[in-house]
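Read the structure below first, then the notes.
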Amino acid sequence: MTDQTTSTRPDPGPGSPGSAGAGAVGSGAGGPARAFFGVVARRQTWLNVVYLLTSFPLGLIYFVTVVTGLGLGLGLAILWVGIPILLVVAGLWWAFAALERLLARGLLGLDCGLSPRPWENETGLLGKLRAHFTASSTWRDLAFVLLKLPLGVISFGLLVATAGLTNVLLFAPAIDISNQADGAFDLWGWRIDSWFEALPLLPLAVLVLLIGLHLVDLLAEVWRLLADALLSEPHRGTPADPAFYATQAGAPWDAPGSSGPPPAGAPAAQPPLGGPAGPSAPVPPVVPPMTQSPPPAPASSNKEVPS
């Protein structure tokens, strides 16, 4: 009799951060051929293609907007006209980073959390500006926005090279043999002048496509690591949130050597010292102790007996 244990770990799904790598490992269990050819059937692969395809135009928009705005704002800052321009540019790169968090979640399967708003707990305009520009997330957002263009160029170049070479191997021989007067096609010194000689190009085109898709997955993993390093927040909760302690330290019975979760009737655990607390119960008034006079001394029982 075999003992089957059901795992309680949730399925990461196709959009999770490790879905591409998990799919590769799982498919590799069925053999290297399945791992290699299965890249075409993975949903995350085509989501990676969409992300890489949009990275270049978005990176170009980000770079031109931010660099032009910063240059113009810094140049006019001495006349005080550049200060509003710099503030608008800072708001734009915050919005660009917020969009990138949505794209990372929807296409790369990486949950970077919500865009940080360090100014929310501050009062006054100067306090809000100081909180925003002293937060590390502001400058990490700027770094990711500026890096979008160079990595976007590499991503777009990989897609164009893969698609272009695949199409050449698939369709160019047929087109050239049909249209040219001599009925021949030259490929890197290889002269193809018949349909029979063009047949080996079909599996070669499939091979180029598969290798290109694996390179797409590899480059998407680089994007995923970069987004996790620059856009993800190290702390998802705040001390004012009761769920903060559960997400940071885990349940107290998860620690090694613990006896497990408390019984159903046990009272709830108190939050750590200085942490959040629920509605406080009314404190009973302190009653001062009542002062009592000492009891009277007992009467002496020794009475004089008359003689």
Glu120 fails exactly one of (1) over 24 Å from Leu219 (Cα atoms); (2) of a type in the set (Asp, Glu); (3) in contact (Cβ under 8 Å) with a residue 24 or more places away in the chain, namely (3)
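This table checks each residue for (1) within 21 Å of Ala220 (Cβ to Cβ); (2) among the small types (Gly, Ala, Ser).
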residue: Gly38; (1), (2): yes, yes
residue: Arg42; (1), (2): yes, no
residue: Leu47; (1), (2): yes, no
residue: Leu53; (1), (2): yes, no
residue: Phe63; (1), (2): yes, no
residue: Gly69; (1), (2): no, yes
residue: Gly73; (1), (2): no, yes
residue: Leu79; (1), (2): no, no
Could you look through region 78-97, keep only residues that are of a type outside the set (Val, Ile, Thr) and over 17 Å from Trp139 (Cβ atoms), and pick out the one that is surrounded by the most Cβ atoms within 10 Å (Cβ to Cβ)? Gly82
Count - residues of region 27-72 that are exposed (fewer than 15 other Cβ atoms within 10 Å of the Cβ), more than 24 Å from Gly106 (Cα to Cα) and of a type outside the set (S, T, N, Q): 11
Please give the helices (runs of 4 or more DSSP H) falling wholly within region 116-221 in which 2 or more residues are at pLDDT below 85. 136-179, 195-198
Test Gly109 against the criterion of being modelled with pLDDT under 95, on the phi > 0 side of the Ramachandran plot and in contact with an Asp or Glu (Cβ under 6 Å, 6 or more places away or on another chain), and give yes or no. no
In region 41-83, which residues are in contact (Cβ under 8 Å) with a residue 60 or more places away in the chain, closer than 26 Å to Ala163 by Cα and of a type in the set (A, V, I, L, M)? Leu47, Val49, Leu52, Leu53, Leu58, Leu60
The correct count of residues that are surrounded by 20 or more Cβ atoms within 10 Å (Cβ to Cβ) and out of contact with any helix residue (DSSP H, G or I) (no Cβ under 7 Å at 6 or more places or on another chain) in region 135-152 is 0
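The values are calculated or read from the model by the stated rules, or taken from the named source; none is laboratory data. As the structure is a computational prediction, the values presented were derived from the model and not from experiment. Note that we place each Cβ from the backbone using ideal geometry, even for glycine, and neighbour counts take in every protein chain shown.
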